[in-house]
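In what follows, a structure is listed as structure tokens, so that the remarks can point back to it.
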Amino acid sequence: MWRRRSGAGGGETGEPGAEAVAETQAGTREPAALTIDALGRKCPIPIIMLADQINQVPMGAVVEVLADDPAAYTDIPAWCRLKSHAHVGSAEIPQGGWAIRVRRNY
Amino acid sequence: MVYLDAASTEPLHPAARDALLSALDSGWADPARLYGAARRAQMLLEQARADVAEVIGARPDEVAFTSSGTQAVHLGVLGTLNGRRRVGDRLVTGAVEHSSVLHAAEEHERGGGTAEVVGVSRSGRVDAETFARAVSAPGTALACLQTANHEVGTLQPVEEAAAACQEAGVPLLVDAAQSAGRLPLPRGWSVLTASAHKWGGPAGVGVLAVRKGTRWRSPYPQDERERRRVPGFENVPAIVAAAAALRATAEEAAAENARLSALVDRVRTEVPRLVPDVEVVGDPVLRLPHIVTFSCLYVEGEALLTELDRAGFAVSSGSSCTASTLRPSHVLEAMGVLTHGNVRVSLPRGVSEGDVDRFLAALPDIVRRIRASLGVR
């Protein structure tokens with residue numbers, strides 16, 4: 001019951017995934033201005049780290065959070081929505097978990 | 001203790017308690033036998049069946065009693081798929097169904113069948129058109145949709161789904177666990193499941209209703225009980241109590257729903273006002289009268305439950321590490337909402353306004369202390 005499915009999470013609004021798809025298709029994966037290593041940390045710690053550190057990057061730059069708590073996969077995009085930052089995309093990483101990319105909007 | 005976890009189990013209705021005590025004396029014998037005490041037990045069982053059938057909009061001979069809502073779902077899903085093997089092996093479900101539906105779907109897939117999961121909106125509602133498209137695909141043997149979600153309270157478009165299923169000639173299993181007795185049940189189901197302890201009956205009684213004409217074959221070895229649908233000796237006293245609770249709850253529903261729904265509205269409005277960085281989830285209007293769910297940013301769900309318990313409040317959570325699982329709730333995941341810091345408040349019958357106010361008074365400081373302990377200002 002834990003498989004990730006397409007079309008879930010209000011995906012039809014095109015909101016969280018739209019920019020991610022666009023970036024992948026254009027092949028313009030800009031380097032992250034900051035990488036936060038939250039591997040092994042349970043939610044809400046990865047999100048607290050992100051909230052603490054996002055202001056260290058310039059406006060419009062990308063922060064990448066490495067996390068392997070399954071909750072982070074859902075919660076970081078949800079945090080972006082609540083905090084009006086942009087979830088750029090999430091990619092699986094070889095060591096397990098995801099690199100979840102967030103653009104600072106303000 | 002202030003009990004705010006009715007969606008896990010509703011406290012026993014006084015009518016159920018009375019019925020249970022009396023049926024323990026008069027309904028203990030084997031209803032399948034022919035002597036006086038057995039015939040009494042059988043009469044009680046059949047009266048309970050007729051009462052439940054009336055409330056859920058079924059014929060008595062369509063209703064079988066199971067040992068739980070979960071067993072009713074397992075039998076309903078696997079039995080209907082079994083009965084429709086010649087039609088196909090495709091199962092369609094909503095993404096936020098109860099785990100009993102999803103586990104039955106996994107069992108079906110392990111046996112070589114296929115399952116399609118229809119996603120939900122941010123509010124947790126299945127899109128009726130997407131669902132209709134999914135059930136119209138060739139080879140669809142069964143579709144499953146809950147009346148309302150157990151974690152966030154959102155109502156599902158069951159009438160539309162039923163119309164689409166009828167059009168496609170596909171049976172629809174409706175899981176009514178959270179709404180039976182509380183809300184009128186939608187029409188158009190082929191299989192309906194419910195659970196007595198959710199409406200104030202005792203634990204250990206589920207309902208499996210299979211409409212006349214729906215093909216169904218038990219996934220279990222054959223047994224004579226409950227028209228060969230459910231194995232094992234019926235718990236007649238508990239079934240009698242379940243029926244009494246269902247009748248009483250359904251009679252009280254209109255008045256009690258309005259009261260509970262107003263209290264839920266108060267929680268929906270007040271929690272974001274009293275606690276910063278909170279997301280109230282689930283549909284604000286198309287919802288059950290008694291369930292409200294919210295997530296607090298930067299708070300661990302387990303810590304929140306522990307602190308609320310210490311302060312005398314019983315609630316539940318879909319966050320990971322709160323329900324013997326390391327995964328967050330599949331419902332919150334499918335909705336794409338915050339899964340950490342999650343609290344489900346579900347109001348039991350008769351809860352007082354004061355209890356809800358005490359909860360609202362205690363919550364802000366508890367959240368603030370947990371956040372402070374994690375270094376969040």
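The table below gives the values:
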read-out	value
Average beta carbon contacts from partner chains per residue of B:310-316, 10 Å cutoff	0
Degrees, to the nearest 10: B:69-83 long Cα axis against longest axis of chain B	50 degrees
Whole-number D in µm²/s for chain B (Stokes-Einstein; Kirkwood sum over Cα pairs; 4 °C, 1.567 mPa s)	61 µm²/s
Filtered chymotrypsin sites (Phe, Trp or Tyr not before Pro), the range B:144-250: DSSP coil and at most 16 other beta carbons within 10 Å	B:Phe233
Gaussian network model of chain B, springs between alpha carbon atoms under 10 Å - residue of B:Val205, B:Val87, B:Val191 with greatest fluctuation	B:Val87
Note, ³J(HN,Hα) from phi for the range B:337-352, Karplus 6.51, -1.76, 1.60, rounded to Hz, x at Gly and Pro	10, 3, 9, 8, x, 8, 9, 10, 9, 10, 8, x, 3, x, 4, 8
Lysines whose Cα lies under 30 Å from that of B:Lys198, excluding same-chain neighbours fewer than 8 positions away	B:Lys212
Most mobile of B:Leu332, B:Leu260, B:Leu308 in a GNM of chain B (Cα contacts under 10 Å)	B:Leu308
Calculated SAXS-style log₁₀ I(q)/I(0) at q = 0.08, 0.10, 0.12 Å⁻¹ - the protein assembly as shown, Debye, Cα scatterers	-0.52, -0.78, -1.07
Expected-Rg normalisation [2.2 N^0.38 Å, Cα atoms] applied to the range B:281-360	1.10
Sorted peptide list for B:92-101, B:218-227, B:43-52, criterion being average Cβ within 10 angstrom, highest first	B:92-101, B:43-52, B:218-227
Peptide-level mean, for B:297-305, of C-beta atoms on other protein chains within 10 Å	3
Sequence-distant lysines (8 or more away, or on other chains) whose Cα lies within less than 28 Å of A:Lys42	A:Lys83
Per-selection metrics, the range B:219-377 (Cα): Rg and Dmax in Å	19.4, 64
Note, ³J(HN,Hα) from phi for the range B:299-306, Karplus 6.51, -1.76, 1.60, rounded to Hz, x at Gly and Pro	10, 7, x, 5, 5, 5, 4, 4
For A:40-46, mean number of other protein chain Cβ atoms within 10 Å	6
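The numbers here are math on the coordinates, done by the rules we state, and not lab data. Bear in mind that the values here come from a model prediction, so they are computed numbers and not experimental data. Glycine also receives a Cβ, built like all others from the backbone with ideal geometry; neighbour counts cover every protein chain displayed.
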